[in-house]
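Visitor: Below you'll find the structure I mean.
The values are calculated or read from the model by the stated rules, or taken from the named source; none is laboratory data. Here the structure is a predicted model, which means the values were calculated and not measured. Cβ sites come from the backbone with ideal geometry, for glycine too, and all protein chains shown count toward neighbours.
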Amino acid sequence: MANVRNYHGVKFKAKVAPATVREDSTVAELSSRYGIHASQIHVWKKTVIDGVGSLFAKGKGGPSDAATADDARLAKLYEKIGELMVERAFSSRPTSGQQHAISVYPAASRRPAEKLPDDLVFA
């Protein structure tokens with residue numbers, strides 16, 4: 001039988017992570033107490049330590065600031081996408097005297113070119 005992956009909830013992680021930061025017991029003891037692999041405990045500890053700085057950041061520091069920053073970044077990206085799409089559409093249009101390399105119409109629906117009279121001379 002294959003190993004079953006355990007998904008740990010936020011409450012469980014919130015219980016284990018502070019214990020790793022406190023360092024009251026070793027990682028091996030925490031691993032056996034909570035039934036988690038030691039490397040997972042190290043990952044959660046690193047996440048906690050790296051995330052502490054955001055608690056003391058200037059401003060509100062809440063999720064609304066991050067959401068606002070993400071929305072602003074997305075708006076810039078969508079604006080750039082729009083510019084590139086317009087540029088691509090404009091540059092793919094033929095200029096005077098040029099024709100598309102690939103015809104839009106299938107070959108069967110094209111009419112053959114009409115033959116011009118021989119006495120028609122272009123000067």
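Visitor: For the stretch 3-31, give me the residue count where each residue is in a helix (DSSP H, G or I) and out of contact with any Leu (no Cβ under 9 Å at 6 or more places or on another chain).
Guide: The number of residues fulfilling the criteria is 15.
Visitor: Kindly indicate which of 97, 59 is modelled with pLDDT under 65 and within 37 Å of the chain's Cα centre (by Cα).
Guide: When all the criteria are applied, what remains is 59.
Visitor: Suppose we filter 81, 49 for residues that are within 30 Å of residue 6 (Cα to Cα), at pLDDT 85 or above and part of a helix (DSSP H, G or I); which single one remains?
Guide: The unique qualifying residue is 49.
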